[in-house]
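Before any comments, here is the structure.
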Amino acid sequence: MLFVFHIESSGTVPLSHNLTTVIFTLLFANNSLVACAMALCGGVGAMALPSELIVHIFSFLSDRDKLRASSVCSRWRECLFYPSLWTELKLRVGGGSNGGGYGSEQTPRLDFLMRKFGSFVHELQLEFAPVEGYLRPLNGVEGRMESVESDPQFPGRWKDAIITYLDQVLCVLGCIRNNRNLQKLSLYGDTCVLQDEGILDSADLNQVDQGGVKIKEIQQLLVEVLSNSRQMKWLSSAFMLGVVTPCSLASLSNPSAASLEHLSLLDNQLPCLSSPVELERLVHLRSLALDFCDFTSEMCRLLAGGHRAPLHRLSLMVNGAALEAKPLDCTASEDDWKALVRRCANLRVYMMALDVSSQDLLRVFKPSLPLERIHLDSYSTLVTDGTLELISQQYNKTLSHFVLMRDDTGFPDLSVNRNEDPLVLLTWRCVHLSVLVIHGYTVWSHNLVAISRLRGSSLKVLAVSEESIDFDPDQGVFMEGDPVHNLVKEVSQGLGRIWHPSMDSNLVLSEPTQHFHREMQSFSLGM
C-alpha cells in the first residue's frame, strides 16, 4: 500500500523546500501501520501517528533539515532526537559558512549538535575546509586551483580559520571522548592551509596557539577517544594539524584493536604513525593506507603472517618532497611483495605519486605490486614514456584506474613519435582499464580516437582536458569540417556514448591530498 504525506509547517522556523513539501513513500508491512496510515488519511492528523513511525519518516531528512524541524513543536523535537536518527554524522568544519563548513558563528550549533549526539553516534566523518577564498579556479582549467596568498587579507583569514578549527575540533572530540559505540572515525585536513609547514610557518601558528596548548589538548582527547572505544572498525586521520602522533595508535583499546578492519594514518610532516609493533595487534585488518616510505620490509612481512586476516586493500602515497627525510631504501623489497601477494591473494593496491621523479618511480613500481589504481600528479617533475611503458607491461592484468596530472606551463609530448603513443599502448595492454584521466600532457587527437576504440564502452571514464588535446596539421588536410567537432564525434562513436573534452571536477579535485583521501575511502569500502 502506497501513501504520500504532505507536511505543512506552521512553526516560526523557516524550513527548506525538502521539509516544507516532504514526499515519503512507505511500504507498510503489518496491519497496525496500515491502520495508522488510514487514520491519518481519514483526517485524524499526523499527531495521531506513533512516535516510531514519525521517527521513520524523519529518517529521510538531511541532518540540516532534522535540526530545523526540531524547532517546529515539542512532539517533533522529541522524535527528532531519537538516537537511531543520528548514528552517522558527516561534518565539514572551518573555512567560513560560505565555504560550506561551520564558521565561527556556527560553533554554538556545532556544540549543541555534538552534545546531543556525540555520546552515541556510530560513524563520524570530519572534513576540515580550507580558508574561504584561499583557492580559485585556474584560468581555463575546470577543477584545478591556484592560490591567492598574495591577497593582503589572507593572513587574517588564515588565523581566524585556525582558531575556529582548533575550537571546533576540541568541541567534537570532547563530546565523543566517552563514546563506546563509535565504530567509524574519519578525519581529513587540508595540508595547504592546516600544516605547520604549509603556507605560513610555525611562528604564525604559535601566534594562534601559544605554546601549543590546544594542540596538546586535542591529542589527549584523541587518546581518550581511542582508549574508551570498544568496537572501532574504521580509523582514519589524513593530513591533520597535529591531531595524531606516533604514539596515538598505542592508546587504542584491545577490543577495538581486535575489531579494527581499516586503518589510515597519513602525515607528510611526521615520522611513521603506524609502527609494526602496533599493527601486530590489528589481526583483523583488511584495509590499510599510509605513506609509501613507511611501508617497510618489516611491516610487509608482518602483514604476510599466517595468523592474520588477509589484507584486501592497500593505499600508498609517495610524496617527492618528503623523500629526502623519508628515503626509499627501507621500503618493501620485491621478495617482500611476493610473500605478501601469496598470503593475500585478493590484495589490490592504490597509489598516488605526487611530484616524484621518474627515476624514483622506477624504484617504487615493483613487478609484484598488484596495482589497481595509479595517480601520477606533479607540479615540476615530468613522467617519461619509459615510466608509462613499465606500468603498461607490469600491471596489464590489474590496472583499472590511471590518472595523469601535471600543473605547469607547457604540455609535454610523451610519445617519441605521433604514431607510438605510450598512452595508447597502456590502453591496449591493460585489459581492465575503466578510468583514464589526463591533464598537462599533450594527447594527439588521432591517439585519443584510438584509445576510445581500443577499450570502447568498458572505458567508463575518459576525462581529457581540452588544453591537452592537439591536432596533427597533416591530417587536417584530408578532413572536412571543424576538427574539434570531428574528434567529439569519433570518440563518442568509439565509446558508445556522448563524450566531450572536459574535466570532471568530481574526478580530479583541486588538492591532490584531498583526491587521495576520498579515492582511498571509496577504494577501501570496495573490499
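Laboratory data are not the source of any read-out in this text; all were calculated from the coordinates shown. Please read all numbers here as calculations on a predicted model, not as lab measurements. When we count neighbours, we look across all protein chains shown, and the Cβ atoms used for this are built from the backbone with ideal geometry, even at glycine.
Among the listed pairs Lys214/Lys326; Lys90/Lys326; Lys90/Lys366; Lys233/Lys338; Lys216/Lys366, a Cα-Cα separation exceeding 30 Å is found for Lys90/Lys326; Lys90/Lys366; Lys216/Lys366.
Net charge near Gln394: determine it from the other residues with C-beta under 11 Å of the C-beta of Gln394, scoring Lys and Arg +1 and Asp and Glu -1. Neighbour charge sum, excluding Gln394 itself: +2.
Would you please report the Å³ per residue occupied by the convex hull of the alpha carbon atoms in the range 391-495? Walk me through the numbers before you get to the answer.
Details: hull volume 10.3 nm³, N = 105.
Spread over its residues, the Cα hull of the range 391-495 gives 98 Å³ apiece.
Here Lys460 is the anchor, and the lysines within straight C-alpha reach of less than 23 Å, apart from those fewer than 8 places off in the same chain, are Lys397, Lys489. Of the GluC sites (Glu not before Pro) found in the range 220-317, the ones in coil according to DSSP and having at most 16 other Cβ atoms within 10 Å of their Cβ are Glu280.
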